[in-house]
Amino acid sequence: MKGVYIHLDIRERAVIEMQLALGTRPGVIARYLNRSRSTITRELHRNGWRRRGVLPQSGPKLPTGGYHCESAEGRAHRLACRPRVKRKLVPGSELWNQVVAYLHHGLSPEQIERTLARMAEPVRLSYETIYKSLYAMPRGQLRARLLELMRRQHKTRKAQGRKKGSNNIPEIILIDQRPPEIEQRLIPGHWEGDMIVGKDNHSQVGTLVERTTLFVALVKLDNFKAENTALAFSRILNRFQSQLRRSLTYDQGTEMCHHKLLTQASGVKVYFAHPHSP
């Protein structure tokens, strides 16, 4: 598959579990999600899935072969938080002490990077790594003393090269204003929405996941236009009783600019996640 690989998310994993319960083969699931077959099979095997022919005869029945979307999502999240490569700059290490010594001599992180690269045994260390290591330290006297050595003594530092885009969604209600019952998943009828985009943007499918039951509804879309998305989501949601149409949480994608139309057509109140935090 060309382009940047995108990891499976909870919605795709929920679709996988649902299709396994229906007896769908992994290859068919891969085509359904527009994914490589190896992506689906690796996801299944790394999460304890077994074919029906090799399941144990005794014990509880496993209609999905032992695959559960929530446990698979939790495992993926834990692994994503674990660094794959050992960090170069660790407080207390020899390299750390060397960087601190250069800071005491008045060198900036950019100068330290060039100095380390010109040594007899060159050390490749980005100045961004130095900045991140310093500002990621827990608050205390040690962190304060090290930041005092910086030429520009900012208390915090923004990531470089990342510009915050403008938000064109009108009358937005952020996720912080959701009622506690949504967070606790006590009452059904609260949904999460997202978009699955096919190869080269030739196809798009909206996903609606009910937060309490994890029921998944797929919405076929002809294009990314906001009005079309709002009406398509409304048609699917209106198939359910009113008590199952309470709220929808979505990211700040432009396809949800007409969320007011969605609310008028279905009665579903729309909440939005913070930027860069879907």
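The values are calculated or read from the model by the stated rules, or taken from the named source; none is laboratory data. Everything numeric here is computed off the predicted structure, so don't read it as measured data. FYI the Cβ positions are ideal-geometry reconstructions off the backbone, even for glycines, and counts take in every protein chain you see.
The requirement of being modelled with pLDDT of 90 or more and more than 19 Å from Glu210 (Cβ to Cβ) is not satisfied by Leu244. Do you know which residues across the stretch 184-193 are surrounded by 19 or more Cβ atoms within 10 Å (Cβ to Cβ) and either β-branched (Val, Ile, Thr) or not in a loop (DSSP other than H, G, I, E, B) (or both)? Once the filter is applied, which keeps residues that are surrounded by 19 or more Cβ atoms within 10 Å (Cβ to Cβ) and either β-branched (Val, Ile, Thr) or not in a loop (DSSP other than H, G, I, E, B) (or both), the stretch 184-193 yields His190, Trp191, Glu192, Gly193.
Residues in the stretch 237-252 that are buried (at least 16 other Cβ atoms within 10 Å of the Cβ) and over 23 Å from Pro179 (Cβ atoms): there are none. Taking Leu33 as the residue in question, decide whether it is modelled with pLDDT of 90 or more and not assigned by TED's automatic domain parsing to the domain that holds Tyr135. Taking the combined requirement at face value, the residue satisfies it. Inspect all residues belonging to the stretch 167-182 and state whether any of them is surrounded by 16 or more Cβ atoms within 10 Å (Cβ to Cβ), out of contact with any strand residue (DSSP E or B) (no Cβ under 6 Å at 6 or more places or on another chain), modelled with pLDDT of 90 or more and not assigned by TED's automatic domain parsing to the domain that holds Ile16. Scanning the stretch 167-182 turns up no residue that is surrounded by 16 or more Cβ atoms within 10 Å (Cβ to Cβ), out of contact with any strand residue (DSSP E or B) (no Cβ under 6 Å at 6 or more places or on another chain), modelled with pLDDT of 90 or more and not assigned by TED's automatic domain parsing to the domain that holds Ile16.
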